[in-house]
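Notes for the one structure printed next.
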Amino acid sequence: MTTVTMPQLGESVMEGTVVRWIARPGQKVERDEPLVEIATDKANTEIPSPSAGVLVEQLAKEGAVVTVGGALARLDEAGTAAAAAAPQSQAKPAPKAAPATPTPEADENGVRATPVGRNVAQEHGLDLSKVPGSGAGGRVTKSDVTTYLEKGATSSQQSELQPPLSTFPGQKAPTAPPPPYSQPPVAPVYSQPPPPSFGPGYQGFGPIAITLRAYKPPRYTLKEGDQVVPFDQRRRLIAEHMVYSKATSPHVPCTAEVDMTNLTKLRGEWKRAKETGGRAPSFLVGLCRATVQALAEFPRLNAVVQDESIIVRKDVNLGVAVETEKGLLVPVIRKANELSVLGLARAIDDLAARGRTGKVTADELSGGSFTVSNPGLKGNLFGAAIINQPQVGILRMGEVVKRAVVRERDGEDAIVIRSMMYLTLSYDHRVIDGVTGNGFLHRVRELIEEAKFEL
């Protein structure tokens, strides 16, 4: 018997969800024939059979979350008729699992948790050892943490989840926190009323205890004609990552107005060049080239946050956001700093096409160090994108439109028509200060407006 296990589906992927079983118990499969479809936060991937044989047992049900290295199925390589005919219910029970060994997702106390669950717990100062885990092998999931936080069963739990109460000099904080509540408050709760005026001799409010309470909107009541569309696996993961990114990084947006006229003319020259075959690289390719060059001058933007450190990466692995029918994907161009304009154009076209047809791999969706987003060139003036964690910055294009602008001609101001675009950088203020962020964006603008890129 061979046990088929969950493979590593990307450098940052720690688990996968069983979407559907392609092979059924008793079915004979060939080597590399798809067995099961697995969904990660990056992409859906079909797991092939490691060898030829008969699928004896499915060890993970559809919808189950399986960690890397976890058992998925048992395969009889001998492929005997008896094994193929035997129903799954008569299969021998799987041997007892060996004692768990420490994994990257287990902390020093041996508590196992999903990365998202651990991050949520850290944000609330919650001891994970007190949270019952409902995931595979007792792992603590995000829903376990949020459920525990919502219950707030005892006052001791409340004191762990809430920040210290504010005090003023010379005053002592209340010795016990307020009791749990069942409904959202309509106003802050004070331990004592503030004084009526700020007259002579006023020395401060005294001890004021403001209790911060999680707000929950009222549930919507369905009406006739309403349609309920549940989140699919990818949309749920995208939602979790976007919320996590906003809660983790203090996003600072800054916008530059970029004159695209010279790049427009350069694209005309590219179209006539024999290397392009009459198909000029897009504005997105020009922006990617300018971004790669600017990152070489501002390497702090080409970094990732890990623990309490900043890792400035040598290679520029450029993520390019692509919208597909199943949601947003961000394929990564490896070592984009080593590619020419034509190399970037070919890489973007290839990854975008395979991303839309579901043929991009999980490895090609992970490991990015900076991201460029192009939400479309029609009706999109500007906007601030959400940072793709653990990166520290993302550039978002706007629509390219012809506008009347003021330019100096022969020492005089003149109104001219130029192709203009707004370009917005969102950066992580934990890592990037305003001078660095604005300097990087200004350099990208300069490179685009100069438009001295070579094919």
Picking from 256, 214, the residue that is in contact with a helix residue (DSSP H, G or I) (Cβ under 6 Å, 6 or more places away or on another chain), modelled with pLDDT of 55 or more and either in a loop (DSSP other than H, G, I, E, B) or under 30 Å from residue 441 (Cβ atoms) (or both) would be 256
Which members of the range 307-320 meet the condition of being among the aliphatic types (A, V, I, L, M) and either open to solvent by 70 Å² or more (accessible area, probe 1.4 Å) or over 23 Å from residue 455 (Cα atoms) (or both)? 310, 311, 312
The range 218-232 - residue that is open to solvent by less than 90 Å² (accessible area, probe 1.4 Å) and at pLDDT 80 or above and, of those, farthest from residue 150 (Cα to Cα): 225
Restricting attention to strands (runs of 3 or more DSSP E) lying wholly within the range 2-73, give those where 3 or more residues are in contact (Cβ under 8 Å) with a residue 60 or more places away in the chain. 2-5, 15-21, 65-67
Scan the range 1-35 for residues that are under 25 Å from the mean Cα position of the chain (by Cα) and either polar (S, T, N, Q) or at pLDDT 90 or above (or both) and jot them down. 8, 12, 17
How many residues does the range 365-379 hold that are in contact with a Leu (Cβ under 6 Å, 6 or more places away or on another chain) and open to solvent by 20 Å² or more (accessible area, probe 1.4 Å)? 1
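Residue-by-condition table, conditions (1) surrounded by fewer than 22 Cβ atoms within 10 Å (Cβ to Cβ); (2) hydrophobic (A, V, I, L, M, F, W, C):
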residue: 333; (1), (2): no, yes
residue: 341; (1), (2): yes, yes
residue: 344; (1), (2): no, yes
residue: 353; (1), (2): yes, yes
residue: 363; (1), (2): yes, no
residue: 383; (1), (2): yes, no
residue: 392; (1), (2): no, yes
Residue by residue through the range 417-455, note down the ones that are assigned to a loop (DSSP other than H, G, I, E, B) and surrounded by fewer than 18 Cβ atoms within 10 Å (Cβ to Cβ). 429, 430, 433, 452, 454, 455
Do the conditions hold for residue 248, that is, is it over 30 Å from residue 403 (Cβ atoms) and of a type in the set (Val, Ile, Thr)? yes
Tell me whether the range 399-415 contains one or more residues that are assigned to a strand (DSSP E or B), modelled with pLDDT of 90 or more and either polar (S, T, N, Q) or buried (at least 21 other Cβ atoms within 10 Å of the Cβ) (or both). no
Could you look through the range 314-367, keep only residues that are at pLDDT 90 or above and among the small types (Gly, Ala, Ser), and pick out the one that is nearest to residue 7 (Cα to Cα)? 319
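The values are calculated or read from the model by the stated rules, or taken from the named source; none is laboratory data. Just so you know, these numbers come straight off a predicted model, no measurement behind them. Reconstructed Cβ throughout: ideal geometry from the backbone, glycine too, with neighbour counts over all protein chains shown. Accessible surface is based on the protein model in full, side chains and every heavy atom, while ligands, DNA and RNA are left aside. Shrake-Rupley method; radii C 1.70, N 1.55, O 1.52, S 1.80 Å.
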